[in-house]
């Protein structure tokens, strides 16, 4: 059964649990590259998660959950609707 979490509950999870949810239940939306970092946007429940992946180190460097704002705006420029 799929769990549904609020934005607040997601932010309170341990980092590994956040990664597990994003990669198993998140819907890929878009990505872009900036130098050595690949930024990947996922939709999860009723919010968004951006995963920063360092390509040269082959390692995830950050995960940011948000509901709206400038982080989301930069992906719509890249997406054809």
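Data overview
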item	result
Helix 15-25 vs. the chain, principal-axis angle (Cα, 0 to 90°, nearest 10)	80 degrees
Helix-only CD estimate at 222 nm, as mean residue ellipticity for the chain, using -39500 (n - 2.57) per DSSP H run (n ≥ 4)	-7500 deg cm²/dmol
Added length on full extension, which subtracts the Cα-Cα distance from 0.36 nm per residue, residue 61 to residue 38	7.3 nm
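Read the figures in this text as sums done on the coordinates, not as results from a lab. If you're wondering where the values come from, they're calculated on a predicted model, not measured in any experiment.
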